[in-house]
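Note sheet for the following structure.
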Number of protein chains: 2
Amino acid sequence: MKDQQDDGCENVHAAIQDTLYVVNGKWKLVILSILVNGGTRRFGELSRESGISPRILTKELQELEINQLVKRQVCNTKPVTVEYSSTPYAETLKEVIDAMIRWGRNHKRKIRGQ
Amino acid sequence: MKDQQDDGCENVHAAIQDTLYVVNGKWKLVILSILVNGGTRRFGELSRESGISPRILTKELQELEINQLVKRQVCNTKPVTVEYSSTPYAETLKEVIDAMIRWGRNHKRKIRGQ
DNA sequence: GTAACCAGTTACATAAATGTAAGTAGTTAC
DNA sequence: GTAACTACTTACATTTATGTAACTGGTTAC
C-alpha cells in the first residue's frame with residue numbers, strides 16, 4: 001500500500017531516472033531502434049548507418065552490453081567481423097522506442113505546420 | 001512511398017532524435033511526469049519535490065515552455081507565486097512518459113532479482 | 001611488400017549539462 | 001527594521017558527453 005500506488009511522487013521519478021540511466025544520451029535509443037527494428041548489424045554498418053564515430057560507438061555498445069540490451073558476437077570470417085544484435089530484454093524497450101518514434105514524427109509535422 | 005514506410009533507416013533515427021531534442025537531459029521527463037500525472041505546481045514545490053536546484057529548474061521550465069509543453073502563470077498572490085502546468089500538447093507525451101515509468105520499474109525489479 | 005578492409009583504440013579538444021552557493025527583488029508579518 | 005517567504009538570477013566550478021583525427025593489429029588480395 002505504498003509501493004503499489006504511490007504515484008504521487010518519488011516512485012515515478014525514480015522509475016523515469018532508472019530508465020534514463022540505461023538509455024541516456026544522443027545515441028543509445030538510436031542504436032537500439034536499429035537493432036530492435038532492423039536486426040543484426042556489424043560494427044562498421046552501425047557506424048555508417050547511424051553516423052556515430054567509432055570511438056563513441058564502441059563506448060555506447062559496451063554500455064548497452066553491460067545492461068544486457070545488446071549481444072556482441074565475434075565471427076570467424078576472413079577479416080574478423082563482429083555482429084551486434086538486440087537481446088530479448090531489449091525487446092521490452094520497444095514500447096518506449098516506438099512511442100518516441102511516433103511522437104518525434106508527430107512533433108515534426110506539428111512544427112512544420114506552424 | 002518513402003515517407004510512410006522507410007522504417008529501415010533515417011526516418012526512424014530522425015524521429016527519435018527529434019524527440020530527444022525536446023525532452024533531453026536528466027530532468028525534463030521527470031518534470032513533465034509530475035505536471036502531466038500530478039497537475040499544477042508552483043516553482044518552489046517543483047524544486048522541492050524533484051530535488052532540482054532553482055538554477056536548473058528555471059532553465060528546464062523555460063525550454064519546456066518554448067516547446068509548448070508547459071504553461072507558466074503568474075498569480076496575483078501576496079508574495080507573488082507562479083504556477084506551472086502541462087499543456088494539452090504535453091499530454092501527447094504521456095505515452096512516452098508512461099512507457100518509461102513502466103520500463104524503469106520493471107528494470108529495477110529485474111536488477112534486484114539478479 | 002603494399003594496399004585495403006575490419007574492428008576497434010588512443011590522444012586530444014571542445015561543448016554541453018549539471019551542481020553549489022550566494023545574491024536580488026518584491027511583499028508581508030512582527 | 002528585521003526576518004521570512006516568494007521566485008528567481010548570477011558567478012563559478014566541475015562533470016559528463018561528444019567530436020575529430022590519427023593510429024594499431026590482424027587478415028586478405030595483388
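Miscellaneous remarks
- Only helices enter this figure: runs of n ≥ 4 DSSP H residues, each worth -39500 (n - 2.57), summed and divided by the residues of chain B, yield -18000 deg cm²/dmol at 222 nm to the nearest 500.
- Shape summary: the protein assembly as shown maps onto an equivalent ellipsoid whose semi-axes, from the alpha-carbon gyration tensor, are 35, 21, 14 Å in decreasing order.
- Taking 0.36 nm per residue of sequence separation and removing the Cα-Cα distance, the A:THR58/A:ASN24 pair yields an extension gain of 10.7 nm.
- Net charge contributed by nearby residues that have their C-beta within less than 11 Å of A:ARG48 (K/R +1, D/E -1): 0
- Of all chain A C-beta atoms, the nearest to the rotation axis linking A with B is recorded, alongside its rounded Å distance, as A:ALA99, 2.
- Around B:HIS107: net Lys/Arg minus Asp/Glu count, Cβ-Cβ under 13 Å: +4
- Extending 7 Å from Cα along the Cβ direction at B:THR40 and again at B:THR87 yields two label points whose distance is 1.7 nm.
- Nearest-first distances (nm) between copies at A:ARG42, label 7 Å from Cα via Cβ: 6.3
- Cα gyration tensor shape of chain A, rounded if a/c is under 1.5, else prolate or oblate by comparing a/b with b/c: oblate
- Chain B: Lys pairs at Cα distance under 20 angstrom, eight or more positions apart or on different chains: 8
We did not get these values from a lab; they are worked out from the coordinates using the rules stated. Note that the structure is predicted; figures quoted are calculated from it, not measured. So basically every Cβ, Gly included, is an ideal-geometry build from the backbone, and we count neighbours across all protein chains shown.
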